[in-house]
Every structure is written in C-alpha cells, then in structure tokens.
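Everything on this sheet refers to the single structure shown next.
Nothing in this text is a laboratory measurement; each read-out follows from the coordinates by a stated rule. Treat the numbers as computed from the prediction; the structure is a model and nothing was measured. FYI the Cβ positions are ideal-geometry reconstructions off the backbone, even for glycines, and counts take in every protein chain you see.
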Amino acid sequence: MKVNHFNAANQVNPYQRQANMTKQVEQAKTNQADKLEISSKALEMQKTSQSDSARQAKVEQLKMQVENGTYHVDANELAKSLVQHFQQKRS
C-alpha cells in the first residue's frame, strides 16, 4: 500500500492552528481600547449620593445639637407632620 501525501500543503498542524488562534485573540485584545459605560440607574444613584452628603451634614449638625442639649422639637410642627403623614398613607 502506497501512502501519498495528497494535498499536504493544505493540511495544518492542529497545534499550530491553536497557536495561531491564540495569537489572533491576543492581538484583538491589545487593539481594543478600554471602555466605560455608566447605566442610567448608576447615574441616578450618583445624584442621590450627592444629595446624601447634604443630608449627612444636616444629621451631623443635629447630632451635635442633641449632644450639647440645644436641640428642641417644635411640638406643633411635629403634630402637623404626623397628621399629614398618616393622611397621605391612608389615601
């Protein structure tokens, strides 16, 4: 039986083929630039965190007043706020 190397030029070593594919993937990675996309939800959270800093400052101020004993609650404002809250909750 005679074995001919028919079309031997077109046959590719599978290891070489894998090495070539690896090189192509690496080249594709190096050609890509890094990209950052921020979702609308993340932007909304970022805006919220900015308003949280103002809220945090107010909380710190109130803590200092409580610690110093200078914080006083206006009973009329508290009552109005409670009534308004429960009326809205009911609706």
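Using Cβ point charges alone (K and R +1, D and E -1), the dipole size of region 41-91 about the Cα centre works out to roughly 300 debye. For Lys89, the lysines whose Cα comes closer than 18 Å to its Cα, not counting residues fewer than 8 places off in the same chain, are Lys80.
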